[in-house]
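Asks: One structure follows; several queries about it will come next.
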Amino acid sequence: MADTPRIGYVVSRFPEFSEGFIRYELAEIRKLAGTAWVLPAVAGPGRDSNGDPFVLAPPHCLSAAALSAWRELLRVRPGPVFGAISRAASMLAVAPVEAAKWLALMPRLAWLGRAAARVGVTHLHAHFAALPACAAWTLSRWFGFSYSVTAHAYDLLSPARFLRMKLSGAAFGVAVSEFTRAALLRSVPESSGFRWHLIRNGIPLDVFAPGPGRPARDTPRLLSVGRMVPKKGAPVLLEACSILRREGCPFECRLVGDGPMMGYLRTLSRRLGIADRVAFPGVLTGADLAREYAEADVFVLACVESMHGETDTLPVVLAEAMASGVPVASTRIAAIPELVEPGRTGLLAAPGNAAELAAAIMRLLDDGALRRTLAAGALEKVRRDYDVRRTAAQLYECMVNAGRRP
């Protein structure tokens, strides 16, 4: 059909453990569109891409292949190329690190754009209004693709002038929460030719679903999942665990994931005297991750604002846990209260307050009726608002409509 777009997903890296929501969405978009290509703008396909034939594998920016594509593009489209260089250079004073990376990526983008055009891509969708949005903006001008952007979390910290530039040619934008949409509207207002759509990050409800029941054990299990970075608040969770131990509350805690803070967290668990209660199983995905949820009694995510002002807007792992029937405790920050409604779908503590978080955990561990009530409310909410089949269909409809615009 003429109205059916051929889609390319622009991401920084693929796959990325902490961006499972992109994999979930991509799988559904491929069912709707027939296929969708992946364009990793910053780094090539990872070892966990499982040989996906629809992931374009761009060379290093200074490789012969990238430089050859760059020279050819300069020869046939000098105006658009120098226009993009000029625009990126103008942003060096606004966001020097991101603008410099954008400039450095341009030979790679020349190769990616040519490869995407050869396989028939017509519409690009960038996840994150950071370097992927810069890449989509650039490729749109060089090769004539239409494009759209989903904004998430850290990308909201981009200066308003830079955000407006990245979205200046977009067919539409996507916000993953009401919190995100409100922040974006302050920087990039809607107009007659552009609007923000609220489309939440969905999850596959066939993968994350309540099991037959928690395993019978004497020691309750706490679970947390995420990158080991400051905004996830893992040190606060460990401090809360030390409070649980002092209060004589039996528990074991598993922190799934990896990241630059891993060594520090292991050291902290020893210093707090809880190393025998805490396990770090590493990165888990798919069935292995679903099994962790199935065996957990309480899911905890202690999100905070980092020293650089970065927050986790609405972590998808919360929806995964809720869909798996696990009662959750988290923090009142960013968009988390949109999903975790205190007393209805979970419990919330103040960010950074280990004592308040420990109290919420103990309340859940001590009250089986409360756990069941909150888990039921959470499951209802996730099934209504976070089913990836529905969210991906919303996004695909926006893409189809973008292709119909004159």
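Asks: Which FRET efficiency value, to the nearest 0.05, is calculated for Glu310 and Ala117 with the Förster distance at 35 angstrom and r the Cβ-Cβ distance?
Replies: Numbers: r = 35 Å, r/R0 = 1.00.
FRET efficiency, Glu310 to Ala117: 0.50.
Asks: Which length gain, in nm to one decimal place, applies between Asp366 and Gln394 when the Cα-Cα distance is subtracted from 0.36 nm times their residue separation? Could you put the intermediate results ahead of the total?
Replies: Values: separation 28, 0.36 × 28 = 10.08 nm, distance 4.06 nm.
Here the answer is 6.0 nm.
Asks: Here is a follow-up. Roughly what would the spin-label model give for Glu341 and Arg271, points 7 Å off Cα along C-beta, in nm?
Replies: Reported label-point gap for Glu341 and Arg271 is 4.0 nm.
Asks: Sticking with this structure for a sec: Would you mind working out the magnitude of the charge dipole of the chain relative to its Cα centre, with +1 at each Lys and Arg C-beta and -1 at each Asp and Glu C-beta, to the nearest 20 Debye?
Replies: Details: 48 positive and 36 negative charges, 241 e Å.
It comes to approximately 1160 debye.
Asks: Assuming R0 = 25 Å, can you tell me the calculated FRET efficiency for the pair Ala182 and Ala376, based on Cβ-Cβ distance, to the nearest 0.05? Please report the intermediate quantities before stating the final value.
Replies: Numbers: r = 30 Å, r/R0 = 1.19.
Here the calculated transfer efficiency is 0.25.
Asks: What length, rounded to one decimal in nm, is gained on full extension from Arg161 through to Leu198, with 0.36 nm per residue of separation minus their alpha-carbon distance? Each step should come with its number before you reach the end.
Replies: On the way: separation 37, 0.36 × 37 = 13.32 nm, distance 2.21 nm.
Between Arg161 and Leu198, full extension yields an extra 11.1 nm.
Asks: Continuing with the same structure: Straight-line reach from Lys166: which lysines have Cα under 21 Å away, leaving out those fewer than 8 places along the same chain?
Replies: Here the lysines satisfying the reach criterion relative to Lys166 are Lys101.
Asks: By a straight-distance test (C-alpha under 28 Å), which lysines pair with Lys381 as possible cross-link partners, with residues fewer than eight away in the same chain excluded?
Replies: Qualifying lysines at Cα under 28 Å: Lys31, Lys231, Lys232.
Asks: Putting +1 on Lys and Arg Cβ atoms and -1 on Asp and Glu Cβ atoms, find which of Gly259, Leu244, Gly325 reaches farthest to the positive end of the dipole of segment 221-385.
Replies: Leu244
Asks: Then there is this: Classify segment 275-372 from the C-alpha gyration tensor, please: rounded if a/c falls under 1.5, else prolate or oblate depending on whether a/b exceeds b/c. Before the final figure, lay out each step's value.
Replies: Values: a/c = 1.34, a/b = 1.11, b/c = 1.20.
Because its axes are fairly even, with a/c under 1.5, segment 275-372 counts as rounded.
Asks: While we're here: Please sort 321-333, 208-220, 305-317, 275-287 by packing, taking for each peptide the average over its residues of neighbouring beta carbons within 10 angstrom, highest first.
Replies: Values: 321-333: 26.4, 208-220: 12.3, 305-317: 19.5, 275-287: 14.3.
With the highest mean Cβ count within 10 Å placed first, the list reads 321-333, 305-317, 275-287, 208-220.
Asks: Now for a different question. Please give the length that would be gained between Ala43 and Ala57 if that part of the chain were fully extended, namely 0.36 nm times their separation in residues minus their C-alpha to C-alpha distance (nm, one decimal).
Replies: Numbers: separation 14, 0.36 × 14 = 5.04 nm, distance 0.87 nm.
Computed gain between Ala43 and Ala57 is 4.2 nm.
Asks: I've got another one for you. In what sequence, highest mean first, do 354-365, 390-401, 245-256 appear when ranked by Cβ atoms within 10 angstrom?
Replies: Answer by packing, highest mean first, reads 354-365, 390-401, 245-256.
Asks: Which order do the peptides 378-384, 84-90 take when ranked by the mean count of other beta-carbon atoms within 10 Å per residue, highest first? Could you put the intermediate results ahead of the total?
Replies: Details: 378-384: 18.0, 84-90: 15.9.
Ranked from most to least packed, the peptides come out as 378-384, 84-90.
Asks: May I ask for log10 I(q)/I(0) of segment 129-256 at q = 0.10, 0.22 Å⁻¹, from a Debye sum over the Cα atoms as equal point scatterers with solvent left out?
Replies: For segment 129-256 at q = 0.10, 0.22 Å⁻¹, log10 I(q)/I(0) is -0.54, -1.24.
Read-outs: derived from the displayed coordinates by stated rules, not from any lab. None of these values were measured; they are calculated from a predicted model. Using ideal geometry, Cβ is built from the backbone for each residue, glycine included, and neighbour counts are taken over all protein chains shown.
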